[in-house]
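All remarks here apply to the structure that follows.
The values are calculated or read from the model by the stated rules, or taken from the named source; none is laboratory data. The structure presented is a predicted model; accordingly, all values stated were derived computationally and were not measured. For neighbour counting, all protein chains shown are included, and Cβ atoms are generated from backbone atoms with ideal geometry for every residue, glycine included. Each accessible area value is taken on the protein alone, full model and side chains, heavy atoms only, with ligands, DNA and RNA left out. Shrake-Rupley method; radii C 1.70, N 1.55, O 1.52, S 1.80 Å.
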Amino acid sequence: MQRCDIWYAHQPREYGSLRARVNADVAVVGGGLTGLTTALWLARAGLRVTVLEAERLGGGATSRCAGIAGLWGDAGYAAVRRAYGLEAARQCAEARKHALKSLRELAQDGCQWRECSLHLTGQTPQDAAALEREARAMDDAGLPASVGDLCGAPVKAARAITLPAMGLVNPMRLLRRVERLAVERGVRVYERSRVVAMETNLAATERGSVRAPYLVVATGYPIVNTPGWYFLRMTQRQAWLARLTGEAAFEDAYLDLGGRYALRASQAGALMTLMGADAGEKDNDGLLARLLERYAPGRSAREAAPGLLAHTADGLPYIGPYGKKTPNLFIAAGFGASGLVGAMTAAQVISARVLGLPWDGYEVFDAGRHGAGDLSASLRMAGRLLGGQLARPSAPRCPHMGCHMRYDRAQRLWVCPCHGSCFDGVGRVLNAPAAHDAVIHAAKRR
């Protein structure tokens, strides 16, 4: 995707592209916060780690993150308990606590970390009932919570669950700190080195390769289809990080119960993440203005950075081995709007697995799970895949799985409606899961 300047922090050094065959103990594919944090954790244990980034470090979801760190994710505790039981909800709460603690410690040095309260809000009578259910589930999971009045809030909500002692951070400053610590620990970084093929113990780019007994795919949306069949279990949704007009007259962070927005104060004013429809859908045309009118009345976007967020069927990220027969190949994906806590959780889980350390309590994130929603999500994605292959016969095909793409005139990008791969006007791949450029020259923009 195109670089987002809202959080842009100068990168003091550039890294060359991979042009040789090298060896490592672990090869990490993806140079965002997830990949770099995982690399740092493994390097601290003494392993030789190589990071392969398709473009520049932090140019993807990290640069479009709102910088809100809290004990909340796409999957609420009520949903986790309903799908997997109370123990799974407790595991989820404990894992997020550990991740938040590590984030707080890591972000203290120059990352603009600030403690705040996190308010989980709803707008409708149905939301009010859901807030009560969520508060009970959180309390049962070990997070004391209750629904209370919300006075003087910058959003249209009268009631909310409030979580104290959460955090706000500049995600790009955090990434630069992790980058610096990782390189100091001996992590080798290669930029503009897109991985185009993976085999057992090998990650290959167009001009080189890394051979390693352990491989970690941290590309947001996984670039390897099997094992795991993640292309039938995940979606990418359009999102915008918007800097709002006017000064921020509040200090805390506000999250919508349904995941429709996240609002926070920053040094430059209010920042708001707004969630759209699935990537490639026509519903996204002009949607940002309508979302602002609904959730931030009286304000407009001084600037807005579009991006994509990967979501799983049940709202919990996939962290762990790709499949039962690939114990050396790991996935870290599907964090949705909870990328900060998700990245830290992935680093903790994967480093424990690689090093042979106990990882009890993290089974709830196991990438091999098949819980509620997986079957319906797979059927829905299979239908979209079939429709994407048959629709718009004059449109170019995505090299990932052959779906016909749609041209997004606002962003001036070709977008795959099946899995969210993005390409510029001449077909250069910008976003996973596609690993190769698309053929555009004979296509009509529709």
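Below is a table of values for the structure above.
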read-out	value
Full-stretch length increase - Glu132, Ala268 - with 0.36 nm per residue and alpha-carbon distance subtracted	45.5 nm
Average accessible surface area per residue within the range 75-194, 1.4 Å rolling probe, Å²	44 Å²
From phi via Karplus (6.51, -1.76, 1.60), per-residue ³J(HN,Hα) for the range 350-366 in Hz, x at Gly/Pro	5, 5, 5, 5, 5, 7, x, 8, x, 10, 4, x, 10, 4, 4, 9, 3
Karplus 3J(HN,Hα) series, Hz, for the range 14-28 with 6.51 cos²θ - 1.76 cosθ + 1.60 (x for Gly, Pro)	10, 10, x, 7, 6, 10, 7, 9, 10, 10, 8, 7, 9, 10, 10
Rough spin-label spacing in nm, given labels placed 7 Å along Cα→Cβ, for Glu247 and Arg180	3.1 nm
Peptides 300-306, 73-79 ordered by average Cβ neighbours within 10 Å, highest first	73-79, 300-306
Enclosed volume per residue, in Å³, of the convex hull spanned by Cα atoms of the range 50-182	144 Å³
Nearest-0.05 FRET efficiency for Ala410 and His370, computed from C-beta distance (R0 22 Å)	0.05
The chain: relative contact order in percent, alpha carbon pairs under 8 Å with at least 6 residues between	20 percent
Hypothetical label at Asp139: residues of the range 155-179 whose amide nitrogen lies under 15 Å (7 Å Cα-Cβ projection)	160-163
Potential lengthening between Leu202 and Arg56 on full extension [0.36 nm per residue; Cα-Cα distance subtracted]	50.4 nm
Protein accessible area in the chain, 1.4 Å probe - carbon and sulfur %	51 percent
1.4 Å probe accessible area per residue over the range 207-308, in Å²	40 Å²
Gained length - Lys101 relative to Lys282, 0.36 nm times residue gap less alpha-carbon distance	61.1 nm
FRET efficiency for Ser394 and Val439, using Cβ-Cβ distance with R0 set to 22 Å, rounded to 0.05	0.95
Rounded if a/c under 1.5, otherwise prolate or oblate - the range 195-253, Cα gyration tensor axes	prolate
Relative packing of peptides 330-339, 97-106, 148-157 - highest average C-beta neighbours within 10 Å first	330-339, 97-106, 148-157
